[in-house]
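Heads up: the structure comes next, in structure tokens.
The values are calculated or read from the model by the stated rules, or taken from the named source; none is laboratory data. This is a predicted model, so every value here is computed, not measured. All Cβ positions, glycine included, derive from the backbone under ideal geometry; neighbour counts span all protein chains shown.
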Amino acid sequence: MTPTNFADAVLPAWQDFTGGKKHHLPAARLEIVASWNRCLKAGVNPYDDSPHNRLDAAAMAALLAEKQELINIAKPFMANLYKFVAGSGFVVVLADERGYIMEVFADADNLLSPMTGNFTPGASWREDEVGTNAIGTALVRKEPLQVSGAEHYSQKHHCLTCSSAPIFDADGKLAGVLDMSGASYASHLHTLGMVVAAAEAINAQLAIRRKNRELALTNNRLTNIFNTMSDGVLMIDGRGIVSQVNPAAQKILERSERELTGIAIDRVFGGSAGPTRRLLATREPYEDAELIIDTKKGLCHCFASGEAVTDEQGNVIGGVIILRPIKQIQNLVNRFGGYHATLQFNDIVGESVEILEAVRMAKLAAATAANILLQGESGTGKEIFAQAIHNRSEQRNGPFVALNCGVIPRELIGSELFGYVEGAFTGAKRGGKSGKFELASGGTLFLDEIGDMPLEQQIALLRVLQEKKVTRIGGDKVIPVNVRIICATNQNLLQEVEKGAFRQDLYYRLNVISITIPPLRNRIDDIPPLFRHFLDLIGRDRGGKFRVEPAVIEYLRRYAWPGNVRELQNVVERAVSLSEAGLITLAELPAEILAGPPVPAGPPLYPLAYRAGLGREQRRQLAGEAERQRILLLLSNSGGNVSLAAREMGVSRNTLYRKMRLYAIEN
């Protein structure tokens, strides 16, 4: 190496500075003078020749553990640097961001030399401790620096030339410093350049290592997502060969990973591989293509979506295919589309023998897989029974889909039940539509008013019940379905069979277990608890409580209830809406109920002329007169005892006194 006398030129400036002359030092570089000023301010003794401070064993072990990655990356580059200076007395040093030496490449003699003896692991080369030096000052400036001879603030280092370059991690944070130091007379102009190049290579390796960790983490996350997705995923190459398959796809296709990987997509999808082949040929993605695939356990009905994978030039090198079983989609539709049952047997109110017998039979039927026919007048609660049966059956975790055959136009019944394909008829939705049988697969299909189903659809329904398969209108694909059927009717189906309006074979297919729900007029004792039940429900919704005059219940008991429980529920809602101060009186009851036989507790409340229709004020006057007559009767029967009369009316003494004043009744 070519020696230089750069340090000799600076020595007079150093002597002037340490002697108290702080200005006009043209021989010293500005960055060196700035460092000398920092050292002076920090109280560094330029003539101190004692050994450098060192980390103790525990602190050194902690430092090495913390910086293990940096050390491992830097060591090969340090070794290459050392090859250029081996045997010349130079050392190659790696220090941390505080200036503590972590790794040294040197000849054995160098470590014992007074000149380089302080370049040992754990030694501190902080600027504020040992003065201006390449390691400590480069860390302060955060840029490469060479310090030679008398540029060192401490006189004991004037024999050295040190070249250092900082090392930064992937976030740009200072991580350490690389240094090459030796005798000042042996320094070379290119020494710093070599150190800078090595430091930049270390920086690059740190960034690469960071990227590799990020890629590994991303790969692990993607692998976890790939393996835990509920949708099936198949990866194919540019030839359509399956390269990867996740557990969900294996389950959907009923094949193991070994059976699926390495085979053509045509062998997996059969005749349904057309969209995937077009994807590979044209790069055109597809979405929700309907597939019916043969598996070990039968046909698998699912939707598939595909996306091409391309290289940097845009060439198709493979594809990703997502499989979603139609059952999974139907479950989501059922969950968020209202296809679920909420009612249980304890929602059926009543203690009469008739209703208890119907509930008993329904509970027994729920435990079977047999089709059930619910018979009863409109408003008796057939759907409540249907939902309760579903929720007690093995299908309770599946959907509950209801269809009222009496309100669907006859020409649309088939499309509602069995679905249709795109273009099946004018007005058909794009992509087609699933029918109620498909939506109910795995659960219960409740066909209300089954007696109104057209004969031509009865034939199709019978075929589905026998084969447990449906074919959409306009389509040719056979779709397996597993549905429990509950039907309801307010007609006498046997009479409809005799008239030829209902198929006999379908009747016996549906009527495996027949349950008759009694009309409300046949269970009079259930009217009061039903009334209270509906009153409590409305009270909870509206945040209030309601009192009821006894005469109201008596009139309800004497009414024929042609609309059954549904009519009673409507009457309760009407009475609550019209009531004042939370009291339900006869004035809030409909005309047809009040027009019935009077209660025995008082004279007839409303004459037959009421049926012609009265205004609200007239009804209130009539109700008031009826209440006045009843109070007079109760006071007479109790011998004028207000407490007994109030108890009989179901009101407090104060309320009765108020009513007596209102009606000018003297006791």
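Computed quantities for the displayed model
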{"quantity": "Residue among 217, 206 that alone is more than 20 Å from residue 143 (Cα to Cα) and not assigned by TED's automatic domain parsing to the domain that holds residue 249", "calculated": "217"}
{"quantity": "Scope region 212-252; condition acidic (Asp, Glu) and free of Cβ contacts under 8 Å to residues at least 40 places away in the same chain; matching residues", "calculated": "214"}
{"quantity": "Residues of region 635-650 that turn out to be in contact (Cβ under 8 Å) with a residue 60 or more places away in the chain and among the aliphatic types (A, V, I, L, M), as a count", "calculated": "1"}
{"quantity": "Conditions (1) without any contact (Cβ under 8 Å) to a residue 12 or more places away in the chain; (2) among the small types (Gly, Ala, Ser); (3) within 14 Å of residue 157 (Cα to Cα): number failed by residue 113", "calculated": "(1)"}
{"quantity": "Failed item in (1) within 40 Å of the chain's Cα centre (by Cα); (2) of a type in the set (Gly, Ala, Ser); (3) surrounded by fewer than 20 Cβ atoms within 10 Å (Cβ to Cβ), with residue 514 passing the rest", "calculated": "(1)"}
{"quantity": "Residue satisfying all of: in region 438-451; part of a helix (DSSP H, G or I) and at pLDDT 90 or above; surrounded by the most Cβ atoms within 10 Å (Cβ to Cβ) among these", "calculated": "450"}
{"quantity": "Matching residues in region 470-486 - criterion: being at pLDDT 90 or above and outside any loop (DSSP other than H, G, I, E, B)", "calculated": "484, 485, 486"}
{"quantity": "Index of the failed condition, residue 636 passing every other in (1) hydroxyl-bearing (Ser, Thr, Tyr); (2) at pLDDT 80 or above; (3) loosely packed, with under 14 Cβ neighbours inside 10 Å", "calculated": "(2)"}
{"quantity": "Hits in region 517-532 (condition: buried (at least 18 other Cβ atoms within 10 Å of the Cβ) and assigned to a helix (DSSP H, G or I))", "calculated": "520, 526, 527, 530, 531"}
{"quantity": "Subset of region 355-401 (residues that are outside any loop (DSSP other than H, G, I, E, B) and either loosely packed, with under 15 Cβ neighbours inside 10 Å or hydroxyl-bearing (Ser, Thr, Tyr) (or both))", "calculated": "356, 357, 360, 363, 364"}
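A quick yes/no check of all residues on (1) over 22 Å from residue 191 (Cα atoms); (2) at pLDDT 95 or above:
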site	(1), (2)
58	yes, yes
63	yes, yes
86	no, no
106	no, no
112	yes, no
132	no, yes
142	no, yes
